[in-house]
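Visitor: Take a look at this one; I'll ask things after.
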Amino acid sequence: MKKKVLITGLNGNVAKTLAKRLDPSIYEITFLTSNKKHVSNNIFYWDSNKNYIDPEALKNTAHIIHLAGFNITNSWTSKNKQKMFNSRVETSNLLYKECKKNNIKPLSFISASAMGYYGFEAKGIQQEQDKAGNDWMARLCLEWEKAADNFQLIKTRVIKLRLSLIMDKHSGILQKTCLGFRFKTGLIFGDGSQSFPWIDIEDVAKFIEFTIQNKTVEGVFNLAAPEKISYNNFIKTVQQIKFKNSILFKIPKNVIEFFLPEKKSLLLNNTSLSTKKIESTGFKFIYRSLEECIKARLS
């Protein structure tokens, strides 16, 4: 009998990559959507503002993969920050409440989180047991993970993924970087020496699959490739592989601080992630080298 997997964040590229990776002969793959137009045999409607989930969505579900969330790259207005919070924390709470109410006990609840947990001012290599930061992003991640932990109360295995920068041609930082290079210019923020924790999108999907298959894997994990590089390394690698005729242009730190007083924290963040825990599980990365990853993504 197939194991039912319920994935939130239908329109996100991680959800799409994961759905393609999971073997349909082993798993029954279903989704939650907040858009009624997308509803079909395996796509169910939910509305966290109304505390509603189609009851058929959770029935007989073995694994919940919670990837939904209003994009962090949107402007950081108070309204948008609340959307970012609700779309992560409140949706997690809703999933738990509905499972508890209907006596549904999934085998695992796998939730996205982010390296923002450690805070914008964090420096050096961060390990999973390190404390959360004090800024709004860190508090969001902390509450996000606490909401996931509720599933332990119904004896569900909980895995929390502190995602680094995901390498994907069609979204995120790699997409934006390539867009700039198409105008023959690559941008270096500050002096470019800040850490650049990264992971390929296929490795994100592979690790989620790995956690489903390995019942001993639980708790929080930094999701990053073992290779430690700087932002400078990243931008030059992209340039050398795909945009050799471009030029690199540095944007000084004081200019970033003046024009982007809040988002400077994202561009200049110097956090690095320990990968000892994820490697200790026996997980094998597809891409351990950024050069190999970029070649694959931009080929």
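The values are calculated or read from the model by the stated rules, or taken from the named source; none is laboratory data. In this text the structure is predicted, and so the values were computed from the model without any measurement. Positions of Cβ are generated from backbone atoms using ideal geometry, with glycine treated the same way; all protein chains shown enter the neighbour counts. When the accessible area is computed, the model is the full protein with side chains, heavy atoms only, and any ligands, DNA or RNA have been set aside. Shrake-Rupley method; radii C 1.70, N 1.55, O 1.52, S 1.80 Å.
Visitor: Please work out which option in (i) 57, 40, 40; (ii) 78, 62, 35; (iii) 81, 45, 34 gives Cα extents along the principal axes in Å calculated from these coordinates, and answer with its label.
Guide: Among (i) 57, 40, 40; (ii) 78, 62, 35; (iii) 81, 45, 34, the one calculated here is (i).
Visitor: Output the relative contact order of the chain, whole-number percent, from Cα pairs under 8 angstrom with separation of 6+ residues.
Guide: Relative contact order, the chain: 18 percent.
Visitor: Just for the Cα atoms in the range 88-240, what are the lengths along the principal axes, largest first, rounded to whole Å?
Guide: 57, 31, 26
Visitor: Same structure, new question: Expressed as a whole percentage, what fraction of the accessible surface of the chain belongs to carbon and sulfur atoms when a 1.4 Å probe is rolled over the protein heavy atoms?
Guide: Details: 7610 of 14900 Å².
Ligands and nucleic acids excluded, carbon and sulfur reach 51 percent.
Visitor: Helix-only mean residue ellipticity at 222 nm, the chain, DSSP H runs n ≥ 4 weighted -39,500 (n - 2.57), per residue, nearest 500. What is it? Working shown, then result.
Guide: Details: 12 runs with 107 residues, N = 299.
Using -39500 (n - 2.57) per qualifying helix, the result is -10000 deg cm²/dmol.
Visitor: If I take R0 = 51 Å and measure r between the Cβ atoms of Ser25 and Lys263 in this structure, what FRET efficiency does the formula 1/(1 + (r/R0)^6) give, to the nearest 0.05?
Guide: The formula returns an efficiency of 0.70 here.
Visitor: Once the dipole of the range 176-298 is set up with Lys and Arg at +1 and Asp and Glu at -1 on Cβ about the Cα centre, which of Asn254, Tyr231, Thr281 lies farthest towards its positive end?
Guide: Asn254
Visitor: Continuing with the same structure: Across all directions of projection, what mean area in square nanometres is found for the Cα convex hull of the range 260-299?
Guide: For the range 260-299, the mean projected area of the Cα convex hull comes to 4.5 nm².
Visitor: Quick one: if you take sqrt(5λ) for each eigenvalue of the C-alpha gyration tensor of the range 185-299, what semi-axes come out, biggest first, whole angstrom?
Guide: Calculated on Cα positions only, the semi-axes equal 30, 18, 10 Å.
Visitor: So how much slack lies between Asp130 and Leu107, counting 0.36 nm per residue of separation and subtracting their Cα-Cα distance, in nm?
Guide: Details: separation 23, 0.36 × 23 = 8.28 nm, distance 2.73 nm.
Stretched fully, the Asp130-Leu107 segment lengthens by 5.6 nm.
Visitor: Now a separate question. Would you give the gap between the C-alpha center of the range 150-217 and the C-alpha center of the range 52-83, rounded to a whole Å?
Guide: Taking the Cα centre of the range 52-83 as reference, the centre of the range 150-217 is 17 Å away.
Visitor: Now, a different point. Run the simple label-point estimate for Asn270 and Glu56 please: 7 Å along Cα→C-beta, distance reported in nm.
Guide: Going from the Asn270 label point to the Glu56 one covers 5.5 nm.
Visitor: Gain in length, Gln213 to Lys155, computed as 0.36 nm per residue apart minus the alpha-carbon separation, to one decimal in nm?
Guide: Contour length minus the Cα-Cα distance gives 19.1 nm.
Visitor: With a 1.4 Å probe and all protein chains left in place, how much accessible area per residue does the range 86-234 have, in Å²?
Guide: Per-residue accessible area for the range 86-234 comes out at 42 Å².
Visitor: Can you give me the distance in nm between label points at His170 and Asn74, each placed 7 Å from the Cα along the Cα-to-Cβ direction?
Guide: About 2.1 nm, to one decimal.
Visitor: On a full-extension model of 0.36 nm per residue, what is the gain between Val255 and Glu292, subtracting their alpha-carbon distance, rounded to one decimal in nm?
Guide: 10.0 nm
Visitor: Could you name the lysines whose alpha carbon sits less than 20 Å from that of Lys105, not counting residues in the same chain fewer than 8 places away?
Guide: Within the straight-line limit of under 20 Å, Lys105 reaches these lysines: Lys2, Lys3, Lys4, Lys59, Lys97, Lys146, Lys155, Lys160, Lys215.
Visitor: Loop-only GluC sites (Glu not before Pro) in the range 100-191, please: DSSP not H, G, I, E or B, and at most 13 other Cβ atoms within 10 Å.
Guide: Listed in order of number, the matching sites are Glu121.
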